[in-house]
1. Based on the Cβ-Cβ distance from Leu85 to Glu45, what FRET efficiency comes out when R0 is 22 Å, to the nearest 0.05?
2. Could you list the square roots of 5 times each eigenvalue of the Cα gyration tensor of segment 75-150, that is, the equivalent ellipsoid semi-axes, sorted largest first and rounded to whole Å?
3. Over the chain, what per residue volume does the convex hull of the Cα atoms give, in whole Å³?
4. List, in order, the whole-Hz ³J(HN,Hα) value for each residue of segment 100-113 obtained from phi through the Karplus relation with A = 6.51, B = -1.76, C = 1.60 and θ = phi - 60°; use x for Gly and Pro.
5. Taking amide H positions as placed 1.01 Å from N in the peptide plane, with prolines and chain starts having none, which residues 5 or more places from Asp49, or on another chain, fall under 5 Å of its amide H?
6. Considering only C-alpha atoms, what is the centroid distance from segment 134-154 to segment 28-74, in Å?
7. For Trp136 and Arg105, compute 0.36 nm times the residue count separating them, minus their Cα-Cα distance, and round to one decimal in nm.
8. List every residue whose amide H lies under 5 Å from the amide H of Arg23, counting only residues 5 or more places away in sequence or on a different chain, with H placed 1.01 Å from N in the peptide plane.
Amino acid sequence: MQSDMLKIIRAAQFAAVKHSAQRRKGEAAEPYVNHVLEVAHLVAEAGLDSDVVAAALLHDTVEDTETSAADLEAEFGPVVTSLVLELTDDKSLPKAERKRLQVERAPHKSVGAQAIKTADKISNLRSILSSPPADWDEQRKREYFDFAHAVVSGLSQAPESLRTEFAAVYQRFSGIVQR
Ligand code: ZN
C-alpha cells in the first residue's frame, strides 16, 4: 500500500509525462499539466482525500492521451481508475452529444467525481477569462460558460466551497460580457 504522498506525486508525474506534448487552447498556450495541477489543488483545498486528488491529476489522461483504463488500474488501483472513468467522455460520440451527456449524467456521479468536475469547470472558465482561445468570440465564450453552468448545476454533492468558487468565476464573466 503506497502512502498518500507517494500516490499523489506519482500521479502528478504520470500526468506530466502523458500530457508533455499538449498545450492549453488559450492564447498563452500554457502547458496542459498546469490545468490538471490547478484542478488537483482545488479539490485538495476543498478537503477531498488522496484518491480524489490523484484522480484529479489524472482526469484527462484517458480522454486526451494514449492511456488506457488498464494502465491506470495497474499504476493507481481501482478507486482512482473508476473516478477517472467517470470523468472520461466517449470521444466516438459527436461533440454536442458528449456535452448533452455531461449535463444529463452530472447528478449521478460519485461525490469525488462531482468535486473534480466542478474544479475542472472552474479551471476552464478561469482560462477563458485570462487567456481565451484566439478564435473564440464573445458568443462562443458565453456558450461555454452556459454549458459549464448547466453541468455544475447538476453537481449538488460537490463541496460548497467549490460550488461557491464556480459561481464567483461565472459571475465574473457575466460582469464582463454584455448579455
Ligand atoms: Zn480537464
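None of the figures in this text is laboratory data; all of them are computed from the coordinates on show. In this text the structure is predicted, and so the values were computed from the model without any measurement. Every residue, glycine among them, receives a Cβ derived from its backbone with ideal geometry; neighbour counts consider all protein chains shown.
1. On the way: r = 24 Å, r/R0 = 1.10.
The pair Leu85/Glu45 has a calculated efficiency of 0.35.
2. Details: eigenvalues 122, 43, 29 Å².
So the three semi-axes of segment 75-150 are 25, 15, 12 Å.
3. On the way: hull volume 20.2 nm³, N = 179.
Once divided by residue count, the hull of the chain is 113 Å³.
4. Ordered by residue, 3J(HN,Hα) equals 4, 5, 4, 5, 5, 8, 3, x, 8, 6, 5, 4, x, 5 Hz.
5. HN-HN under 5 Å from Asp49: empty list.
6. 22
7. Result for the pair: 8.5 nm of gain on full extension.
8. Result for Arg23 returns Tyr32.
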